[in-house]
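Taking it in order: structure first as structure tokens, then the write-up.
The values are calculated or read from the model by the stated rules, or taken from the named source; none is laboratory data. Predicted model, so just to flag it, every value in this text is computed and none were measured. Here the Cβ is made from the backbone with ideal geometry for all residues, glycine too, and neighbour counts use every protein chain on show.
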Amino acid sequence: MQQTKKVDWKKNLVSPEEALAKIRPGTTVFIGTGPAAPLTLMQSLLESDGRNVRDIELVQLAIQGNVILSVQDLKTYNYCLITFFSGFISSQTVKSGLVDMIPAYSSEIPELINKGKVLIDVAFIQITPPDSAGYCSLGVAVDVAREAMNKASLVVGEINTDMPFTYGDTFVSIKEFDLLINSTNKRVPYRRHKVSIQMKKVAENVASVIKDGDCLAFSNSSLFEALGPQLKDKKDLGFHSLYFTDAMAELVKCGAVTNSRKTPFRGKSLTSYALGSKKLMKWLHRNPLVEFQGTDFVCNPIFIG
């Protein structure tokens, strides 16, 4: 039996500065979203004094968490940020005129990229270390990363050893990356939201109308953090949700969520992102109970209906 030849991917390892040297002025750069944001590459981009990284358009699905790109950063380097959701962006940044908003449903964004309505020249993608067969996982954020990789003429992978190896439409060959860097900023987890007494009462009311076997979509907010404990006595709940959180994992672990009555992906929680603690990231690592798919599938009203 012929053995699979190991991929010598380390020959493509470069420093962040060497990766940035491949960029040209006026380039459109896609960067991963939220927990998949390639922070080492982003930080290097902001600290670079190279003339080749000026007049850059940065494309990101949504800005979440600790935003590196402030108004001053955008002005200093003459960058423009293109995004599809403003919920996590400060009003000051939006009002600055340095952010271009493209209103679109999450399910439509992959098609916009595929058809060239949103141009991508370079893709910065965060990935797990490759396995013995040379395959990486996109980890806890799939969204439109695959479409961006397919359209980009230069694909740079940031290898993060703290990124969970997840299942679903997450597998990418290390051969698909032109350059690779090792991440030095490995922050993936998000803090859990605090729950007020008032929000707990709201969650109790919401839980009262949820029935056994219902399929739910959660978001990353204090309401859903409060809702989780209220659903622990329910039976055979399912998840078909853009986001996957600590509260959702706890419902799977306690048996309230089995996904046994839902389609598609019966028996699995369906999601595109995971936002949560280190404990959640550890639980998601090689966990077959959670299926990660792109937003064109997870947010498609045909499948949801």
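The set of residues in segment 219-260 that are in contact with a strand residue (DSSP E or B) (Cβ under 6 Å, 6 or more places away or on another chain) and assigned to a loop (DSSP other than H, G, I, E, B) comprises SER219, ASN220, SER241, ALA256, ASN259. Considering ASP73, ASP55, ASP49, the condition of being charged (D, E, K, R) and modelled with pLDDT under 75 is satisfied by ASP73 alone. Cβ-Cβ contacts under 7 Å between residues 6 or more apart (or on different chains), taken from a first residue in segment 257-281 that is in contact (Cβ under 8 Å) with a residue 60 or more places away in the chain to a second residue that is acidic (Asp, Glu) and part of a loop (DSSP other than H, G, I, E, B), are listed as SER272/ASP143; TYR273/ASP143.
The residue of segment 120-178 that is nearest to TRP283 (Cα to Cα), among those that are in contact (Cβ under 8 Å) with a residue 60 or more places away in the chain and among the aromatic types (Phe, Trp, Tyr), is PHE165.
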